[in-house]
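The values are calculated or read from the model by the stated rules, or taken from the named source; none is laboratory data. In this text the structure is predicted, and so the values were computed from the model without any measurement. Glycine also receives a Cβ, built like all others from the backbone with ideal geometry; neighbour counts cover every protein chain displayed. Note: accessible area is taken over every heavy atom of the protein model, side chains too, but ligands, DNA and RNA are not part of it. Shrake-Rupley method; radii C 1.70, N 1.55, O 1.52, S 1.80 Å.
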Amino acid sequence: MHYEDVMDKRPRAYAPYRTTLDERDLVRAAEELHENEDTRESSLALMREFIAKHPQIVRCRTDPVFLLRFLRYRKFNVNDACATLEGGLAFLMRMRTLYGAEVSSFHPNVQRMVELDAIVPLGQDRQRRTVILVRVGAMDPKETTALLQMRLGALVINTCLEYERTQVHGTVWVVDCSGMTMAHVGMWGLSEVKMMADSINEVVTMFVKEVHMVKVPRITWMLLDLLLPLLSPKIRDRFKFHRTEQELHSAIDQTLLPTTYGGQQSLKQATDNFRDMFEKQTKWFKLEEQFLMDLSIPAPGSSSSSARTAQRNEFPGEESMVGSFRKLTVD
């Protein structure tokens, strides 16, 4: 089966699942996510049926690794997994309507953001969680926007989620706020903050285990005071604050931290590794440019005259996301 066939919502044959997980990963998936051979195959079949019969979905990936990110995130509750997929596609369609070509991972402005090395996966810690570094000061507020910062984050997240181990074990985030200025804060309006919170709570299918904020200046709290109340209580509890890099060393494996943070890895090596990860997954990102959901068609269980259908043409807020959602899973 050619990989491009996975964009057909009703292919003649579906791509088979071939695990990239080892025994330790599979044990974790079974214990924490309720995953085994039986639940995996039956759940994949149900999700594929959902896609095939959904009147609004025109083109969507049906390969196992893509669908498993939703099933694992929702701990193999198929209804919740389908609702999250549905909502994510609707979110993407609205982003395209509002922001046009800049939503693409291959837009020149997004690719220039990649070159800043501002959001970089550092590798996996002893618990096999993917550690991701965010360097706020590396993003010049004169050259970027809140949208581009979110698109860079989405590119990194989606790249990591193409690797099954990240789906199973989750992530740890290190956010270095040194170099953050009022200009950085000023590019984030209320709508951008709400958009980021909606994305975290309702769209991103990645387990967030810890968020370590380092060297947080007072002006950063102008954003945090807006963002944190919009996040689920569980994820708010995962935020930890460190005044110095030395404090961070007690929480993050120093073999992963860049040498500029007192660690043992060069930032260049980490960025080179990430670029290699992205290049290996480029074919999937190019296919995802073809994702299509027709929001002008009434969703299942609704009518074209309903108020809820009218809301579907707006940017997702508290009530306008397609389907029923739970808050971000962090366990």
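What is the pair-distance distribution P(r) of region 46-144, computed from all Cα-Cα distances in 5 Å bins starting at 0, with each bin given as a whole percent? Bins of 5 Å from zero give 2, 10, 14, 15, 16, 18, 13, 8, 2, 0 percent of pairs.
Taking the Kirkwood radius as the inverse of the mean 1/r across Cα pairs, report the Rg/Rh of region 1-41.
On the way: Rg = 13.4 Å, Rh = 12.1 Å.
In region 1-41, Rg relative to Rh is 1.11.
By DSSP, what percent of the beta bridges with both residues in the chain are antiparallel, rounded to the nearest 5? Please list the in-between numbers first.
Details: 8 of 25 bridges.
If I count the DSSP bridges inside the chain, around 30 percent turn out antiparallel.
If you look at the Cα atoms of region 175-236, you get an Rg and a Dmax of 12.1, 31 Å.
Of the accessible area of the chain, with the probe set at 1.4 angstrom, what percent is carbon plus sulfur? After summing per-atom areas, the C and S share lands at 51 percent. Give me the base-10 log of I(q)/I(0) for the chain at each q in 0.08, 0.09, 0.11, 0.12 Å⁻¹, Debye formula, one uniform scatterer per Cα, rounded to two decimals. Values returned for q = 0.08, 0.09, 0.11, 0.12 Å⁻¹ are -0.37, -0.47, -0.72, -0.87.
Rounded to the nearest whole Hz, the Karplus-based 3J(HN,Hα) values (6.51 cos²θ - 1.76 cosθ + 1.60, θ = phi - 60°) of region 31-37 follow the sequence 6, 9, 10, 6, 9, 8, 4, with x at glycine and proline. Taking all protein chains as shown and a probe of 1.4 angstrom, LYS280 keeps an accessible surface of around 130 Å².
Taking amide H atoms as placed 1.01 Å from N in the peptide plane, the amide H of THR205 has no partner under 5 Å among residues 5 or more positions away or on other chains. Partners of LYS53 within straight-line reach, counting lysines whose Cα lies under 19 Å from its Cα and excluding those fewer than 8 residues away in the same chain: LYS9.
Heavy-atom accessible surface of the chain, averaged per residue, reaches 46 Å², computed with a 1.4 Å probe.
For the cross-link pairs LYS240/LYS286; LYS75/LYS268; LYS215/LYS283; LYS75/LYS240, which exceed 32 Å when the distance is taken from alpha carbon to alpha carbon? All intermediate terms of the calculation are to be shown ahead of the outcome.
Working: LYS240/LYS286 36 Å; LYS75/LYS268 36 Å; LYS215/LYS283 38 Å; LYS75/LYS240 26 Å.
Pairs exceeding the cut-off: LYS240/LYS286; LYS75/LYS268; LYS215/LYS283.
Taking the Cβ of LEU147 as the center, what net charge do the other residues with Cβ under 9 Å away carry, scoring Lys and Arg +1 and Asp and Glu -1? Working shown, then result.
Details: positive: ARG151; negative: GLU102, GLU192.
In short, -1.
Let me have the relative contact order for the chain, percent, based on Cα pairs under 8 Å that are six or more residues apart.
Working: 495 pairs, mean separation 74.0, N = 331.
Once divided by the residue count of the chain, the mean separation gives 22 percent.
Relative to the globular-protein estimate of 2.2 N^0.38 Å, the Cα radius of gyration of region 106-285 stands at 0.97. Axis angle, to the nearest 10 degrees, between helix 190-202 and the longest C-alpha principal axis of the chain: 60 degrees. Across q = 0.12, 0.17, 0.19, 0.21 Å⁻¹, region 184-283 modelled as identical point scatterers on its alpha-carbon atoms has Debye log10 I(q)/I(0) values of -0.56, -1.07, -1.19, -1.21, in the order of the q list.
Determine the gain in length on full extension of the stretch ASP5-SER178; use 0.36 nm per residue of separation and subtract their C-alpha separation, reporting nm with one decimal.
Going from the current span to full extension adds 57.7 nm.
Taking θ as phi - 60° and the Karplus parameters 6.51, -1.76 and 1.60, the scalar couplings of region 54-66 work out to 6, x, 8, 6, 9, 9, 7, 5, 10, 5, x, 4, 5 Hz in sequence order, x denoting glycine and proline. The residue list GLY87, SER104, THR205 was ranked by how far each Cα lies along the charge dipole of the chain toward its positive end, using unit charges on Cβ atoms, and GLY87 comes out on top.
Put simply, the amide H of VAL175, placed in the peptide plane, has neighbours under 5 Å in VAL134, HIS212, MET213, VAL214, leaving out anything fewer than 5 places away on its chain. Given +1 at the Cβ of Lys and Arg, -1 at the Cβ of Asp and Glu and no other charges, the dipole of the chain around its Cα centre is 280 debye to the nearest 20.
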